[in-house]
Structure formats: C-alpha cells, structure tokens
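K.L.:
First the structure, which I've put down as structure tokens, then a few questions once you've had a look.
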Amino acid sequence: TDDTQMMIGVTQALIQDGQIESATLQHYFVKNYVASRGYGRGARMVLQAMSEGADHRHWVDSQFPGGSFGNGAAMRVAPIGLVFRHDSTKLFEQADLQSKLTHTHPLGTEGARLIAMAVAYCVSSRNFDRNEFFDRLLECATSEEYRHKIRMAAAATKLSDLESIGNGIAAHESVVTAIGCFALTPNDYARTIAHAILLGGDTDTIAAMAGAISGAYQGESAIPSVWLSALEDDYQGHT
C-alpha cells in the first residue's frame with residue numbers, strides 16, 4: 001500500500017544518508033510512487049508537484065490551511081524509531097523533519113513522534129511494561145488531545161474500549177488507536193493486526209502503525225509465515 005511504499009522511502013533515505021535529508025527523502029517518495037498502491041488524493045497531488053520540481057509546500061498550504069493533520073507522517077515513521085531509539089532528541093528532530101515534508105500541522109507531527117517513540121521503546125524492551133510504555137508516551141505528548149486519548153488507551157482492557165478514540169485518517173483519530181491495538185495484545189502480532197482491522201475505518205494505516213510497533217517488540221519471527229510468503233518478493237522487500 002501507500003503506507004508501505006512511503007515507509008520504504010524513509011528507510012532508503014536513512015540507509016543512504018544516516019539521517020533524514022529532505023531532498024533525499026523527496027527523491028525516494030517520488031521514485032517509489034505507484035498510483036495503484038492506494039495513495040490519497042492529497043498525497044498524489046503532492047507527489048506530482050514534487051516530481052515536477054514545483055514548490056509542493058505551497059500546494060500543501062493552499063489545500064490544508066494550517067497544515068495537514070492526516071496520519072500519513074505517522075504511518076511511515078517507524079524506521080526512525082528503530083535507528084534513533086537511544087537518542088530521543090534526535091528521534092523527535094528526525095520524526096519532525098520527515099513529517100514536515102508533507103504534514104506541517106502540529107497534530108500530524110505529534111502523531112509521528114508518538115509512533116516513533118512507541119517503536120523506540122518496544123525495540124529496546126525485553127519485557128513489555130504497560131505502565132512504563134504509556135508513561136513514556138504521555139511524556140512525549142504535548143497536546144491535551146493526544147494526552148487524553150493516551151490515557152483512554154492505557155485504561156482499555158478490551159477492543160471496544162478503543163472505539164471512542166477514533167479510526168479516521170486524521171492522526172489524532174488513529175495514532176493512539178494503533179498504539180492501543182498493540183497494547184491489548186503485545187505478545188500476539190496477528191491479534192494486534194486483527195484488532196486494527198476489526199475497528200474499521202482507516203484499517204490499512206492503523207494496522208501499519210500497530211504492526212510496526214508489534215514488530216519492533218517481537219521481531220520478524222512473530223509474523224505468521226503465511227503472511228510473509230504472500231508478500232511481493234522484489235528488491236524492496238521479502239527475500
């Protein structure tokens with residue numbers, strides 16, 4: 001999907017430069033673009049502007065006054081959480097930098113920070129500590145919008161408890177939902193993904209974010225082999 005393609009672009013940029021460089025990331029976003037992957041209209045227009053060398057930020061600002069607060073920046077940020085897991089200052093800086101290429105609204109960039117921090121915490125943890133996990137996210141959150149929803153996810157004991165957090169394309173209606181899907185079943189990758197699907201709405205992006213966190217904690221071995229074998233096998237993944 002578009003989620004996968006853009007996350008691959010972030011990964012390629014990190015491999016090439018060791019950190020996010022806007023020009024490099026823009027290059028890979030354009031290079032990897034395939035319309036049939038399900039990109040939203042806004043993303044298609046931004047990538048078209050990028051490919052033409054136009055000022056895509058002007059287009060973004062005209063279409064989204066105050067900046068886009070969609071979940072597009074959060075859905076692709078996981079590799080930054082892996083690479084900068086030991087340096088929260090750098091992690092936030094890099095998460096913001098990759099976000100602001102397309103999403104400049106504070107709620108959009110904050111959502112990306114939260115997913116990056118969740119991934120960083122999980123890849124560094126041998127045993128999942130639910131309270132510590134949510135405390136770390138609360139420390140990371142700056143808006144009451146996110147802090148309130150993080151508290152809701154922390155209190156959730158069943159899937160239906162996450163429904164009121166949201167399942168839309170806005171970052172503040174999906175990022176914490178994805179985090180909550182993982183926290184309900186931290187030791188079961190497949191159930192985490194199933195939770196994201198059952199909640200409906202923007203299922204592919206919520207599942208992408210929840211799966212990234214779960215994968216960071218459990219590793220590749222937790223992913224059902226039948227799922228892995230169904231992936232495309234090319235130079236960008238699955239060998």
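K.L.:
So how many Lys-Lys pairs in segment 2-229 land under 28 Å Cα to Cα, not counting same-chain pairs under 8 apart?
P.N.:
Pairs that pass both the separation and distance tests number 6.
K.L.:
Also, I was wondering about something else. Would you tally the net charge around Tyr33, using a Cβ to Cβ cut-off of less than 14 Å, leaving Tyr33 out, and scoring K and R as +1, D and E as -1? Display every interim value, and only then the final one.
P.N.:
Numbers: positive: Lys31, Arg37, Arg41, Arg44, Arg76; negative: Asp2, Asp3, Glu52.
For residues surrounding Tyr33, the net value is +2.
K.L.:
Taking the Cα-to-Cβ direction at Ala190 and at His86 and moving 7 Å from each Cα, how far apart do the two end points lie in nm?
P.N.:
About 3.6 nm, to one decimal.
K.L.:
What net charge do the residues around Gly200 carry, taking every other residue with its C-beta under 13 Å from that of Gly200, with Lys and Arg at +1 and Asp and Glu at -1? Numbers along the way, then the final one.
P.N.:
Working: positive: none; negative: Glu163, Glu173, Asp202, Asp204.
Value of the local net charge: -4.
K.L.:
Which whole-Hz ³J(HN,Hα) couplings does segment 142-157 yield from phi under the Karplus relation 6.51 cos²θ - 1.76 cosθ + 1.60, θ = phi - 60°, glycine and proline marked x?
P.N.:
With the stated coefficients, segment 142-157 comes to 10, 9, 5, 3, 6, 4, 4, 6, 5, 5, 4, 5, 5, 8, 5, 10 Hz.
K.L.:
Tell me, what ³J(HN,Hα) does each residue in segment 168-173 have, in order and in whole Hz, if you take phi through Karplus 6.51 cos²θ - 1.76 cosθ + 1.60 with θ = phi - 60° and put x for Gly and Pro?
P.N.:
3J(HN,Hα) across segment 168-173, in whole Hz: x, 7, 5, 4, 6, 10.
K.L.:
Further question on the same structure: Which value at 222 nm does the chain reach when only helices count, each DSSP H run of 4 or more adding -39,500 (n - 2.57), with the total divided by all residues and rounded to the nearest 500 deg cm²/dmol?
P.N.:
My calculation for the chain gives -19000 deg cm²/dmol from helical runs alone.
K.L.:
Quick check: net charge around Ala222, other residues with Cβ under 13 Å of its Cβ, Lys/Arg +1 and Asp/Glu -1?
P.N.:
Local charge sum for Ala222: -1.
K.L.:
Quick check: the distance between the Cα centres of segment 137-159 and segment 1-21, to the nearest angstrom?
P.N.:
Between the Cα centre of segment 137-159 and that of segment 1-21, the gap is 28 Å.
Taken together, the values in this text are just the output of simple stated rules run on the coordinates, not laboratory data. Just so it is clear, the structure is predicted and the values come from calculations on it, not from any experiment. Heads up, the Cβs are rebuilt from the backbone with ideal geometry, glycines too, and the neighbour counts pull from every protein chain shown.
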